[in-house]
Amino acid sequence: FTVGLDFSINLTPDFHPAMWIFFDSAARLLPPLIAIALLFKRPTHAMRVFGMFRPIAIRGVLGMFSLLTLTDQVLRWAIKSLDKNEPGGGLNPGEMGSWGLVFMIISACVLAPITEEITYRGILFRSINNKLGAFLAALISSLIFALLHFYDGYGFATVAVFGFSCAALYSATGSLATVILLHVIYNMAIKFPNWIIYHAPL
């Protein structure tokens with residue numbers, strides 16, 4: 001996790017950044033891989049159940065991303081939060097410089113969407129959906145998703161709305177690959193502007 005990464009960098013600044021990319025990647029990949037190993041006999045069966053082999057609904061991704069962009073503006077106006085802890089807002093020390101860009105792409109823009117969608121939509125949402133239905137499953141899984149991101153105010157609201165949107169898109173398409181693509185685009189839209197602005201000459 002990036003919080004752990006910041007702490008470790010402060011303690012051992014001589015470690016090569018590639019090592020922190022490796023540790024962060026392992027920390028992200030291991031939990032969903034263990035869950036899949038415990039719940040499914042074969043990984044290919046898990047991928048089929050999750051809908052990873054279904055066609056990606058590009059229109060659904062673009063439509064949902066547009067709605068999320070509009071919703072974000074409404075939330076900014078409604079909450080008027082001064083929280084500094086916005087979802088993905090700002091850069092931590094691990095995301096600064098050229099190595100930071102590599103870390104940001106691998107961690108936030110590739111691995112986080114894959115592992116979080118497997119965990120929160122592929123496993124959690126589907127499990128609750130089987131018992132309580134799609135709406136309650138989307139609501140409960142999105143709240144858990146937001147709570148475990150440790151944001152306050154505006155950040156919690158936007159992550160919860162994003163999680164609910166991902167669950168709704170997954171329910172509508174049955175394609176986890178579609179939701180992963182939405183998550184990738186969403187994270188890139190947050191992270192890349194922050195990195196570019198931070199490194200822009202002033």
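Quick grid of which residues meet (1) modelled with pLDDT of 95 or more; (2) in contact with a Pro (Cβ under 8 Å, 6 or more places away or on another chain); (3) among the acidic types (Asp, Glu):
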position: Leu101; (1), (2), (3): no, no, no
position: Leu124; (1), (2), (3): yes, no, no
position: Asn129; (1), (2), (3): yes, no, no
position: Leu143; (1), (2), (3): yes, no, no
position: His149; (1), (2), (3): no, yes, no
position: Tyr154; (1), (2), (3): no, no, no
position: Gly163; (1), (2), (3): yes, no, no
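Give me a count of the residues in the range 14-37 that are open to solvent by 60 Å² or more (accessible area, probe 1.4 Å) and within 17 Å of Ile118 (Cβ to Cβ). Number of matching residues: 6. Restricting the range 28-45 to residues that are over 17 Å from the mean Cα position of the chain (by Cα) and in contact (Cβ under 8 Å) with a residue 40 or more places away in the chain, the residue that is farthest from Ala108 (Cα to Cα) is Leu39. In the set (1) crowded, with 21+ Cβ neighbours inside 10 Å; (2) out of contact with any Gly (no Cβ under 6 Å at 6 or more places or on another chain); (3) small (Gly, Ala, Ser), the condition left unmet by Ser142 is number (2).
Exactly one residue among Phe40, Phe65, Phe53 is exposed (fewer than 14 other Cβ atoms within 10 Å of the Cβ), in contact with a helix residue (DSSP H, G or I) (Cβ under 7 Å, 6 or more places away or on another chain) and either of a type outside the set (Val, Ile, Thr) or modelled with pLDDT under 95 (or both), and that residue is Phe53. Out of the residues in the range 174-199 that are in a helix (DSSP H, G or I), open to solvent by less than 40 Å² (accessible area, probe 1.4 Å) and not hydrophobic (A, V, I, L, M, F, W, C), which is farthest from Val110 (Cα to Cα)? Step by step, filter the range 174-199, then rank; the result is Thr178.
Select from the range 145-169 the residues that are in contact (Cβ under 8 Å) with a residue 12 or more places away in the chain and either open to solvent by 60 Å² or more (accessible area, probe 1.4 Å) or over 26 Å from Ala78 (Cα atoms) (or both) and list them in ascending order. Result: Phe150, Asp152, Phe164.
The values are calculated or read from the model by the stated rules, or taken from the named source; none is laboratory data. Since this is a predicted model, take the numbers as computed values, not measurements. No Cβ is skipped: glycine too gets one built from the backbone with ideal geometry, and neighbour counts run over all protein chains shown. Remember, those area values only see protein heavy atoms, side chains included, never the ligands or the DNA or RNA. Shrake-Rupley method; radii C 1.70, N 1.55, O 1.52, S 1.80 Å.
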